[in-house]
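To start, the structure itself, in C-alpha cells.
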Amino acid sequence: MIFSTTIFLVFFIVVFCVYWGFLGMVKDENKRLKVRILFLLLASYYFYMSWNPIFILLILFSTLVDYFAGKEIYNSTSKKRKRLFLITSLVVNLGFLAYFKYANFFLDTVNQISSMVSPDGGTNYFLNIVLPVGISFYTFQSMCYTIDIYYGKMKPSKNFFEFSLYVSFFPQLVAGPIVRAKDFIPQLKGNKFFKDINFQLAANYFIMGLVKKVLIADNIAPISDALFSDPAQYGTLGTWIGVMAYAIQIYCDFSGYSDMAIGVAALLGFKLMENFNMPYTATNVTDFWRKWHISLSTWLRDYLFIPLGGSRGTKAMYHRNLMITMLLGGLWHGASWNFVVWGGLHGLALILHKLYKTKVSDKIQFSKAPYVLYNTASWFITMVFVCVTWVFFRAQTFGDSWQIIKNMFLFKESDFSIPVGFYLLLLLIVIGHFFGVKYFQKIEEDRNHVFKRPFFQAILWGIAIFAILLFGQDDNQAFIYFQF
Amino acid sequence: MKEKHRLFLFQFLLTFLSFLALALLFSAGFYKDPDSRNYVLAEKKIANLRESSSFVLDALLKQNEVTFDPTNGVSIETVLENLKCSPKRKILLLGSSQLVTLNDDWSADNYLRRVDKKLESSYEEEVVVYNLSMGGMTIAEKKIVLDKAQQVMDFDKIIVSIGPYDCREINVRPGIEQIENKLFGHIEKEDCAPMEQSFNFDIEKLNSEIEGGVKKWLEKRLLFFENKGAIKMWTEEKAKALKGNKPFYRPKKALSWRTNNQKFNDVTGWVEDVFRSGRKSLKITKEEVKTNASWGGFKVDLEKPTKKIVLGGWSKSENVVKAKLYCLDFKIDFVDGSNEWIYQGLEFEEGTNDWTKRERVFQFDKEIKSITPKMLFYQGTGTVWFDDIYARPIYSKVGENVILNANVEDESNIKDVHTLKFEDEVWDKIFENAQDMVDYVGKMASKNAGEYYVLIPPIYNSEIKKGYEQDFMLQQFKEQLDKACKNNNVQLLDANGLLDESHFIEYESGSRKGMIEPLHFGTKGHEKLARYIKNNIEP
C-alpha cells in the first residue's frame, strides 16, 4: 500500500474517521487513549500485512523481545544482566537483518572468492530469501529503544501496545523517518484533540510529498532507468543527464515519502522529525550529511559513531570511527559492494573535508564577493561528488558503475538527441530548488507563515493535485527506499 | 470550530474549485481540438492492450488453457498455479519477446498464430506446447521460471532461447521475484483434476479490488477522469509544439555522417545540387582561413581482422586556396589496441577541380579491428564536396565496402536497419551470462527427465546489414554456446539465420521510426521457426 495510491487514500480516510470520529465519542479519557492506540496498532499491522502478511510475525517477535528486554534492562541492578539483555535485543534485531538482507550477500562473496581460488569453479551457495519490507527501519527503531534504556536516557514503556505502536506506526513503518522512542512514546501519553490538528501544515507536507514522488520522481525515472540499464550506449552528455536525473529522482522519491509520512502523522496528531533539509544546497559533504536522511545519519552518529569513540581519542581513531560508520551506513542501504563503496567514498570525503576545514578553510577570512564565489564553487564540487557517488548507489554492477564514471569524465560522443525542453526543465528545477529553500526555510522559522497567504496556497494545492492526477504515472513505482 | 479549521475548510473548497477550473479548462481545450478524437482512440487502444492481457488470462483460466503468460510476468504466479493439465506430451518454450511478439499482428488473440501454437498444431493433437517466454526476459528470470515450471510439471522437451540481447541484464521483475521462494505443487500427468482453491484471506486481492472499484466509480462520474490519458497525451504534444509550429523531431541528415567548423551543419551540408553518384553529397564551405572543418563517419568494426585494406573516395573542389589538409582521413584501430590516422596518398588538389578519385592500398604489420572515416578541409577557404567513400578490407580478395552510408544517400527507399552494437564490456557480460544459463540448463537436464535444448533465436540478416553489427562477436557467441552445450550434454538449435528480411518490419514510432527492427518477426517467421524447431527436436 503505497501512499500515492487510491487504496491508501481509502484506508486512511477510514482510519481518520474512526480515530477522530468514532473513537472520539468514547467519554472516558483513559479508555479513549487506550482504544485509539490499539486501533492505530491494528491499522498499522493491516497496513504492513498488505505487503506480505507472513512477515507480521517478524515485527511481532522483534517487538516482544525488545519490550521485555527493555523492561529487564531497566529493572536489573547488575550491569552484566543489563548488558545480557541489551545484547539479546541487538542479536535478535541484527540477526533478522543479517539473515533476511545480508545472507545472500555474504554467500555470494564467499562464492566469488572461492571461484577465484578453486580450480573447479568454486562454491555456489544461495538461499531463497524474501526481504521483508521496511526491516532496516523498524529493526533500527526497535534497537534504539533498548540502547537508550541501557544508557539511562529513557525509561521503558509500561504499556506493551504503546511500544508496539512505536515500532510499527504505519506512516513511517516501511521507509522512515527513523523515529526515536524518547521522541515518539511521550506523544502517546496524552489524549489528542481534533481541534489541535494543523490541517494546513499536514496538507502542505502531504501534497508537496505527492508532487515530489508522483510528479517529479516517477516521471524522471525513465531517463535514469534508460542510462543505468544500458550505460554503454550513452555518450558523456547523455550519461550526465541520466545521473543528474537519478539524483533528482532519489531525492524527490525519498523526501517525498518522508513528507507524506509527516503529513499523514500530523493528521493523526503525531509529530515526526524532518528527514531532509534541502540537501542539494549543501556546500560541503559534512553539510550534505546534516541535510540528507537526517534520521539515519543521526541514528548512525548516536548509536554507532559515538559508541565507537566518536571524535574522542587520536585523529586516526576519529577517522577510523567515521569510516566504519559510513561503510556500515552504506551497507545498510543494500546488500551489495556497490553500497559499501558508496558509503566508503562519503566516509573518505568526510575525512578529507574535516582535514581541509581545520587546516585551510577555518584559517581564511573571506570578504563578501569572494565568499560568494567560494561558496558557489564549494556547492558545485559537492554536487559533482554527490552525483558521482549516486552512480554506485544505483548501478546494478561494478562494471556498470565504472562504465558510467568513464562516460562522465572521458569524453564519449553519441548521437543522443536531447530535447530543448529537458534543459528548460532542468533549469526550472534548479531555480525552483533555490527559491524553494527560501520558502521552506521561512516555513521552518515561522510555522504560522502558512496562514499568511492561504488563498495562494489553496490555489497552488489545486494546481498540484490537478498536475498529479494528469501527469502521474499509472503504474505506481514503488518508492526507491522500500528495498531497504 | 477553531478559526484555523474554518480557514482550512475554505482553503479546501478553493482547492477543489481550482482543480475543477483547471480540469474544465483542459477538457474544454481538449474537446475543442479536432484531433481530440484521435487521442481518445489512442488511449482506448492502450487501455485495451493493458486490460486485454488480464482479460485473456481470465478467459484462459476459465477454459483450463493456460499455456502461456499474457501479462508479461505480472501474473506469472497465477499462470504457474494454473498451467494446463494434460496427459499429452509436453514441450516448454522459454525465451524473450522474440518468442511472444508478432510484429505484424497486435490483436488480442495473436497468440493463436505464435510459434508455440504453430508448433502444437504441427503435432496434430499429440502435444501441448507451453510458452513461458516474456518480453525482456533476463537470464536470472529464465532460471527462476524454468525452475518453477518444472516444479509444476514434467516436460518431455524443454527449449530455452538464448540470444545476446537477452544476456545483457540479470535483473528480475517484481512478478517473478515474488515467486522465487514459492514452492509450487506438482501436477502428475495422470492426475489432471482441477486444483482446489483453498481459502485464504488475501489482503492484496482485497486492496486491489477496492482500488479498482474506486477508480471505476470516479471514471464514471467525472469526464476528466474518463479521458485523463487522452488529455495527458494531448497536453504533452501541445507542450512539445510550443517549441515551434512543428513538434520536436530529429531533422533529416545523412545517416552516419557529422560535420563541424564550417558554414553548413549536418542538415544543410548534405546537399543534392552536386553529387558524384546517387543524388547527394557532403559539402564543406569555409570562409575563415584558420579553422579546421571536416565530415566524420561512424566507427565500423571489421567482421574479421585483416592487415590489408583499400581506402579511397571522391571529391570535387571550387576555389580552394591555402588549405593545409584537403584529404580523406581514416582512423585505423588495431587489434592490439593501438591506432593510426592515415591520410597519406589520399590528398586532393587545391583550386577548382571536377570529381577526382583517390585510392590507396594499405598493408600494415598488425591486424585492423575497426575503421573510422573522415574527410578533412583544414585551414584555407573554398568549397569542397565528398562522395562515395570506401574502405574495403582485403582477405583472399578485396572485400565489400564497410563504410556506413558510403554514397551518402538518404536511403529513403531503403529501410535503414536499427542494428545492435555493444561495447566490449557488455559483450563480456553477455558471454558470462550466456555460459551461466547453459550451465544451469545442463544442471536441470542432469536432475530432471526430459530433453533439453538451447535455441539461438532468429535475427535480421541481409546482404547489406546484420542485426548485430559486430557479426564476428555474434559468431563468437554462437561458438561459445556450442561448446557450452556440448559440455553440458544439451543440444544447440541455431535458428539465428533462419529468417530473411521479409520477416522483419520497421518501428512504428519513437526515435527509430521507419528503421527496420532487427529482433521481432511476424506471423510467417513464427511459422517457420515452429517448423524448424519440430524438425530439429524430433528424430
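Just so you know, all these numbers are worked out from the coordinates, no wet-lab data involved. What you see is a predicted model; the values in this text were computed from it and never measured. Counting neighbours? That spans all protein chains shown, and the Cβs are built from the backbone with ideal geometry, glycine included.
Key figures for this structure:
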{"item": "Ratio Rg/Rh, restricted to region B:257-394 and using Cα atoms, in which Rh is the Kirkwood radius", "result": "0.98"}
{"item": "Filter on B:143/B:483; B:316/B:366; B:483/B:528; A:34/A:195 - keep pairs with C-alpha separation over 22 Å", "result": "B:316/B:366; B:483/B:528"}
{"item": "Peptide ranges A:136-143, A:65-72, B:166-173, B:338-345 listed from the most packed, as the mean C-beta count within 10 angstrom indicates", "result": "A:136-143, A:65-72, B:166-173, B:338-345"}
{"item": "Cα gyration tensor category, rounded, prolate or oblate, for region A:46-99 with a/c compared to 1.5", "result": "oblate"}
{"item": "Residue A:320 versus residue B:183: modelled label distance in nm, points set 7 Å from Cα along the beta carbon direction", "result": "4.7 nm"}
{"item": "Leading residue at positive end of dipole, region B:257-394 (Cβ point charges), from B:317, B:346, B:368", "result": "B:368"}
{"item": "Table column - 3J(HN,Hα) (Hz), region A:98-103, Karplus curve with 6.51, -1.76, 1.60, x for Gly and Pro", "result": "4, 6, 6, 9, 10, 4"}
{"item": "Cα→Cβ-extended label distance, 7 Å offset, between residue A:409 and residue A:301, nm", "result": "3.0 nm"}
{"item": "Sorted largest first, extent of region B:131-179 alpha carbons per principal axis (Å)", "result": "29, 24, 13"}
{"item": "Separation between Cα centres of region A:176-230 and region B:336-373, rounded to whole Å", "result": "63 Å"}
{"item": "Averaged over B:2-14, number of beta-carbon atoms from partner chains that fall within 10 Å", "result": "5"}
{"item": "Fewest-first sequence of A:301, A:394 by Cβ atoms within 10 Å of each Cβ", "result": "A:301, A:394"}
{"item": "Exposure proxy ranking, count of Cβ atoms within 10 Å, fewest first, for B:116, B:388, A:287", "result": "A:287, B:388, B:116"}
{"item": "Per-peptide average of other Cβ atoms within 10 Å, ordering B:353-362, A:320-329, A:109-118 highest first", "result": "A:320-329, B:353-362, A:109-118"}
{"item": "Sites residue B:360 and residue A:377 - FRET efficiency at Förster radius 51 Å, r taken between beta-carbons, to 0.05", "result": "0.45"}
{"item": "Restraint check, B:421/B:524; A:27/A:189; B:299/B:478; A:406/B:369; A:71/A:101; B:118/B:182, Cα-Cα greater than 20 Å", "result": "B:421/B:524; B:299/B:478; A:406/B:369; A:71/A:101; B:118/B:182"}
{"item": "Within 10 Å of each Cβ in B:426-436, the average number of Cβ atoms from other chains", "result": "1"}
{"item": "Length released on extending from residue A:16 to residue A:463, taking residue separation times 0.36 nm less the Cα-Cα span", "result": "158.4 nm"}
{"item": "Simple spin-label estimate for residue A:91 and residue A:106 in nanometres, 7 Å along Cα-Cβ", "result": "1.4 nm"}
{"item": "Cα-based shape type of region A:6-195, given that a ≥ b ≥ c are square roots of the gyration tensor eigenvalues and the cut on a/c is 1.5", "result": "oblate"}
